[in-house]
Amino acid sequence: MENVTEFLNYIDGKWQPCGSGSTFENRNPADQDDLLGHFQASSAEDAQQAIAAAEKAFPAWRDTPISRRAKILNQAADYLVEHIEQFAQELTREEGKLLANSRDEIARSAQTLRFYAVEGQTITGETFPQDDARMMVYTQREPLGVATIITPWNFPISIPARKIAPALITGNTVVFKPSSDAPLIAHRLAEALHHAGIPEGVFNFMTGSASAIGQEITGTPAVRAVSFTGSTAAGEKIHRSVSLATRTQMELGGKNPLIILDDADIDTAVDLTIKGGFALTGQACTGTSRVLVARSIKAEYLSRLVERMKELQVGNGLDKGTQIGPLATRQQLDTVLGYIETGKREATHVHGGERLSGGAYDKGFYVSPAIFSDVTQEMRIAQEEIFGPVVAVIEIDGYDDAIVKANDTPYGLSAALVTQNIDYIQRFPLDIQAGTVKVNRTTTGNLINAPFGGLKQSSTSTFRESGRAGLDFFTQTKTVYVGR
Ligand code: NAP
């Protein structure tokens with residue numbers, strides 16, 4: 001196996017190969033000659049071992065002083081920060097995003113661990129007045145037990161961090177399966193927790209395909225919670241298949257609109273389109289996928305947008321000057337190119353959308369950002385999540401028309417409005433069907449300390465993640481009556 005590292009699972013406090021000895025490759029989407037490592041192709045038996053270890057470790061971890069749990073999260077954060085340059089390079093080689101974005105993501109993951117180390121210590125219950133002076137009535141929040149964490153490749157360390165940290169600080173034990181397309185940076189997070197001294201079995205990390213271990217890690221009765229981020233199709237399948245005793249949190253796809261009213265500053269609107277639609281190669285769940293622009297300013301908006309798009313530098317995320325990296329996987333490349341062809345048939349192709357070739361482009365999955373105009377509601381590019389640098393431009397006749405069209409998809413993750421009109425600014429959060437609502441900002445981005453999640457088919461929406469709300473999913477409430 002040349003000079004390439006074989007990365008192991010982390011089960012019951014031990015780094016170990018999977019039972020079958022099979023592995024899979026992880027290659028750089030910017031350069032397919034660059035092999036990052038071999039990862040364990042785990043099977044159902046490995047998954048059962050991880051769940052059993054987590055189940056065994058639960059009572060002692062639940063009873064571990066919260067200050068000790070917090071210290072482990074803080075030390076894991078220190079480890080990420082100490083290795084930020086190495087890990088950022090690896091994240092870019094693994095997922096394709098720009099090096100600056102990778103550095104931000106590692107730093108954000110460390111901040112998330114620190115945030116929950118503090119916030120987890122502020123959980124409260126309530127007391128209830130009643131008639132019996134010899135009785136106390138109160139609520140108590142407790143961990144659930146074994147929590148399975150399943151995450152996608154697009155934010156392959158910050159999404160795991162925002163699930164794993166609240167799970168651990170509240171006393172749950174964890175089985176973590178990262179995306180098979182970005183297992184290396186997830187492995188680094190496991191390493192960070194190991195270095196921080198996480199006790200045996202409390203945190204278990206395993207790689208392997210969804211088809212081999214998905215059913216085991218979500219459907220086993222000992223698993224009391226599944227926190228999943230990924231596609232709506234996979235999330236829906238898991239949500240429907242788990243037992244009633246298993247709590248689920250599904251953070252899923254989006255078709256996020258940026259609404260530009262006729263009083264908008266056009267340069268601001270163009271800037272928000274580029275940042276929301278094309279940064280991260282359009283591979284953010286909150287990415288701008290539709291632009292709903294006032295008829296009266298559409299021509300000017302499109303003309304300035306195309307001028308800006310011509311300047312965008314597509315290339316390897318490790319190279320200085322690159323503004324748009326490659327798509328993350330071959331499957332992503334095929335899907336996005338497929339939607340570009342659909343767009344050409346359905347709508348007016350304005351700019352971009354070429355499969356880039358020649359030189360370094362031949363080794364990776366490079367596509368130039370694409371814009372389609374004259375898009376109408378029934379078109380596939382207006383309705384389906386593309387998850388690439390492709391923006392569908394839809395004309396609107398005023399605010400009310402914009403709201404009807406913006407709400408007319410199965411999704412409801414994020415939405416943004418560009419205007420200075422205070423009446424519309426105030427109405428927008430109520431009118432729009434989205435869990436994240438922005439005004440004069442991009443559809444993308446969310447704070448560590450604020451709740452995050454979607455509506456409709458973008459989320460199960462019972463529990464939010466991130467911020468203080470992220471603790472709710474991993475705790476259950478009991479009402480206690482104590483007499484003497
Ligand atoms: P995906 O194909 O649904 O996979 C996500 C994760 O789920 C992967 O680890 C995958 O494993 C696993 N998985 C898939 N089917 C499963 C099953 N039946 N049982 C157990 N695990 C299963 O999504 P993706 O392509 O990685 O990510 C892109 C999607 O994520 C987009 O739809 C995007 O909108 C969404 N996303 C949502 C948010 C949000 O917060 N709402 C944030 C980021 C991304 P394998 O890798 O082994 O297949």
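What the table below lists for this structure:
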| read-out | value |
| --- | --- |
| Rounded to 5, the percent of DSSP beta bridges in the chain classed as antiparallel | 40 |
| Carbon and sulfur %, accessible surface of the chain computed with the full protein complex present, 1.4 Å | 50 |
| 26 Å Cα-Cα reach of residue 56 towards lysines, excluding residues that sit fewer than 8 places from it in its own chain | 14, 71, 163, 177, 478 |
| Percent breakdown of C-alpha pair distances by 10 Å bin, ordered from the shortest bin, for region 38-166 | 11, 29, 31, 19, 6, 3, 1 |
| Dimensionless Rg over Rh [region 257-439; C-alpha; Kirkwood] | 0.96 |
| Stokes-Einstein D (µm²/s) once Rh is taken as the Kirkwood radius of the chain over alpha-carbon pairs, at 25 °C in 0.890 mPa s | 105 |
| Å² per residue, accessible surface of region 257-439 at 1.4 Å | 40 |
| Spatial separation of Cα centroids for region 102-121 and region 124-166, in angstrom | 18 |
| Amide proton proximity set for residue 438, modelled H, under 5 Å, gap of 5+ | 415, 416, 417 |
| Partner aspartates and glutamates for residue 298 [C-alpha distance under 13 Å; skip if fewer than 8 residues away on the same chain] | 262, 263, 265, 267, 374, 395, 397 |
| Whole-number percent relative contact order across the chain, with pairs defined as alpha carbons under 8 Å at least 6 apart | 18 |
| For residue 87, net neighbour charge (Lys/Arg +1, Asp/Glu -1) across residues whose Cβ lies under 14 Å away | -4 |
| Net dipole in debye of region 257-439 [+1 Lys, Arg Cβ; -1 Asp, Glu Cβ; about Cα centre; nearest 20] | 640 |
| Region 77-207, relative contact order [Cα under 8 Å, separation at least 6], % | 26 |
| Residue-count net charge about residue 148 - beta-carbon cut-off 11 Å; Lys, Arg +1, Asp, Glu -1 | +3 |
| Region 257-439, relative contact order in percent, only Cα pairs under 8 angstrom and at least six apart counted | 28 |
| MRE, 222 nm, helices only [DSSP H, n ≥ 4, -39500 (n - 2.57), over the chain, to nearest 500] | -11500 deg cm²/dmol |
| Cα centroid separation, region 1-35 to region 330-371 (Å) | 30 |
| Greater than 21 Å apart at Cα, pairs in 344/456; 97/275; 320/363 | 344/456 |
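The values are calculated or read from the model by the stated rules, or taken from the named source; none is laboratory data. Quick caveat, the model's predicted, so the values are computed rather than measured. For neighbour counting, all protein chains shown are included, and Cβ atoms are generated from backbone atoms with ideal geometry for every residue, glycine included. Remember, those area values only see protein heavy atoms, side chains included, never the ligands or the DNA or RNA. Shrake-Rupley method; radii C 1.70, N 1.55, O 1.52, S 1.80 Å.
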